[in-house]
Structure formats: structure tokens, C-alpha cells
Protein chains: 2
Amino acid sequence: MTAVPSRLNIVTLGVRDMPRMRAFYGGLGWVERPGGSHEFAAFLLEGIVLALYGINDLAGDAAPGEPLTKHGWGGHTFGLTVVGADEVDEVVAAMCAAGARKVGQVVDRPWGGRSGFVADPEGNRWEILWVDGVNATG
Amino acid sequence: MTAVPSRLNIVTLGVRDMPRMRAFYGGLGWVERPGGSHEFAAFLLEGIVLALYGINDLAGDAAPGEPLTKHGWGGHTFGLTVVGADEVDEVVAAMCAAGARKVGQVVDRPWGGRSGFVADPEGNRWEILWVDGVNATG
């Protein structure tokens with residue numbers, strides 16, 4: 001039996017408004033890889049690729065014939081760790097300045113860190129977090 | 001203005017049945033990090049952490065007061081690249097043997113690779129893919 005590699009190296013978001021979403025992630029200063037098109041964009045984030053792809057095309061591959069519930073919150077978050085508690089507040093502010101929406105407050109967490117949540121223009125949730133004793137790349 | 005680090009190093013899935021989901025990901029041979037609990041588990045995947053967390057707890061942080069649409073398909077996929085076209089079929093089979101559900105067929109794609117989709121026990125989509133000319137870590 002082939003082993004399943006312990007690897008997750010691409011996150012693809014099905015997007016409804018590609019120009020808006022591309023502008024948001026590009027606006028963070030994230031660099032798009034060559035080879036994109038009007039329907040696909042890829043950003044290389046320290047070894048993982050964040051890809052944007054038209055949601056109807058993605059649905060055709062990933063969930064053919066199934067209902068799409070791309071409204072409300074889909075039940076997952078993406079984490080971005082930073083190296084100090086103060087940087088949590090600063091990065092949340094920077095993401096909001098780029099067009100994200102703040103969700104709740106940035107607070108000290110019972111697990112010994114500090115974090116805050118933001119939503120990108122289509123509602124995908126990012127948690128910006130500092131974890132005491134863990135470096136930025138976890 | 002603080003820059004936003006170009007980093008995505010944690011993916012957290014809100015889960016409904018933690019024992020089942022923990023068993024599925026552990027059953028792939030993925031190693032859980034120390035420090036988990038009955039409500040939290042973390043697997044280290046080549047620099048990114050895949051975390052499992054009770055969906056009601058996660059919702060309380062990430063989407064307080066918002067409707068949860070954790071049914072159907074949430075509009076995103078996770079990619080796992082492999083090093084050869086044949087390995088796509090093998091890894092899809094291995095994931096299904098561990099309890100995943102195959103979605104559609106494994107096929108050669110118009111972008112020059114081969115891929116297939118599976119759903120984990122709670123419907124989160126993984127694409128196992130081989131991309132001609134791109135190494136396993138993309």
C-alpha cells in the first residue's frame with residue numbers, strides 16, 4: 001500500500017469575484033507567481049501555495065452535482081503566525097487596511113497566546129496569532 | 001504600516017466528530033503532535049500544521065453569531081502534490097482505504113497534470129495532484 005505523504009501544500013479558494021480577490025491578496029504585498037490568468041492566480045507563501053480559482057470551475061472538479069454553500073462560514077480557518085504579541089494587532093490592522101473585515105476583537109487566548117480573526121472580501125477566515133514559545137513557522 | 005507576512009502555516013478544520021476525524025488523519029500515517037486533547041489535534045505536515053478543533057468552539061471564535069454552513073461543499077480544496085502521475089492514483093486509493101470518499105475520477109487535466117479528488121469523513125476536499133515539471137513541494 002502506498003503511503004499518503006504527510007503534506008498539504010496548496011490551499012485553493014473558489015472565488016466569485018476574481019479581480020477583487022486578486023487585488024486583495026496582491027494588496028497585502030503577496031507576490032503572484034507567473035502563469036496566472038483571468039481565472040486563476042497563485043501566491044507562494046513560504047512553501048505553500050494559496051491559489052484562487054473561479055468557484056464554478058472548482059466546484060465542477062471538487063463537488064460535481066453537490067450543493068454549494070459558499071455563504072456564511074464554511075467551517076475552517078487559515079492561520080498566520082507572527083513573532084510577537086504586538087505584531088498580532090499590527091497585522092490585523094494591516095489586513096483590514098487592505099480590505100479585510102475584522103471579526104471580533106484581538107485578545108489574549110486561554111492557551112497562552114494572542115490572536116484575532118479577519119475575513120477576506122469573500123468571507124474566508126484568517127486567524128493572526130502569536131503563540132508563546134512557538135516560533136513563526138510553528 | 002506593518003507588512004503582512006506572506007505566510008499560511010496553519011489550516012484548522014472545525015470538526016463535528018473528533019474521534020472519527022482524528023482516527024482518519026492518524027490512519028493515513030500522519031503523526032499527531034504532542035499537546036492534543038479530546039477537543040484539539042494537530043498534525044505537522046512539512047511545515048504546515050493541519051489542526052482539528054471542535055466546530056462549535058471554532059465558530060465561537062471565527063464567526064460569532066453567523067450562520068454555519070458546514071454542509072454541502074464549503075468552496076475550497078486542499079492540495080497534496082506527488083512526484084509522479086501513477087502516484088496520484090495510488091494515493092487516492094490509499095486515502096479511500098483509510099476512509100475517504102472518492103469524488104469523480106482520477107484524470108489527466110488540461111493544464112498538463114493528473115489529479116483526483118477525495119472527501120474526508122466530514123466532506124473536506126483534498127486534491128491529489130501531479131503537475132508535470134513541478135516538484136512535490138511546488
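The values are calculated or read from the model by the stated rules, or taken from the named source; none is laboratory data. Note that the structure is predicted; figures quoted are calculated from it, not measured. Using ideal geometry, Cβ is built from the backbone for each residue, glycine included, and neighbour counts are taken over all protein chains shown.
Any residue at all in region A:15-33 that's facing chain B (nearest Cβ under 7 Å), surrounded by fewer than 21 Cβ atoms within 10 Å (Cβ to Cβ), in a strand (DSSP E or B) and on the phi < 0 side of the Ramachandran plot? No, there is no match, as no residue in region A:15-33 is facing chain B (nearest Cβ under 7 Å), surrounded by fewer than 21 Cβ atoms within 10 Å (Cβ to Cβ), in a strand (DSSP E or B) and on the phi < 0 side of the Ramachandran plot. Taken over region A:73-99, the residue count meeting the criterion of being among the aliphatic types (A, V, I, L, M), assigned to a loop (DSSP other than H, G, I, E, B) and either in contact with a Leu (Cβ under 8 Å, 6 or more places away or on another chain) or surrounded by 23 or more Cβ atoms within 10 Å (Cβ to Cβ) (or both) is 2. Against the criterion of being at pLDDT 80 or above and surrounded by 19 or more Cβ atoms within 10 Å (Cβ to Cβ), residue A:120 qualifies. Looking at region B:23-33, is at least one residue of a type in the set (Asp, Glu), at pLDDT 90 or above and touching a Lys or Arg at 6+ places or on another chain (Cβ under 8 Å)? So far as region B:23-33 goes, yes, one or more of its residues are of a type in the set (Asp, Glu), at pLDDT 90 or above and touching a Lys or Arg at 6+ places or on another chain (Cβ under 8 Å). There is no residue in region B:1-12 that is over 30 Å from residue A:99 (Cβ atoms) and basic (Lys, Arg).
The set of residues from region A:89-121 being in contact (Cβ under 8 Å) with a residue 60 or more places away in the chain and either within 15 Å of residue A:79 (Cβ to Cβ) or more than 8 Å from chain B (Cβ to nearest Cβ) (or both) comprises A:95, A:99, A:100, A:120, A:121. Within region A:34-54, being closer than 28 Å to residue B:43 by Cα and more than 8 Å from chain B (Cβ to nearest Cβ) holds for A:41, A:42, A:52, A:53.
Against the conditions (1) touching a strand residue (DSSP E or B) at 6+ places or on another chain (Cβ under 7 Å); (2) part of a helix (DSSP H, G or I); (3) modelled with pLDDT of 90 or more, residue A:42 satisfies every one except (2). Taking region B:45-67 as the range and being assigned to a loop (DSSP other than H, G, I, E, B) and closer than 26 Å to residue A:10 by Cα as the test, the residues that pass are B:46, B:47, B:63. Taking residue A:57 as the residue in question, decide whether it is more than 7 Å from chain B (Cβ to nearest Cβ) and on the phi < 0 side of the Ramachandran plot. For residue A:57, the condition - more than 7 Å from chain B (Cβ to nearest Cβ) and on the phi < 0 side of the Ramachandran plot - is met.
All conditions in (1) at pLDDT 75 or above; (2) more than 13 Å from the chain's Cα centre (by Cα); (3) among the aromatic types (Phe, Trp, Tyr) hold for residue B:126, with the sole exception of (2).
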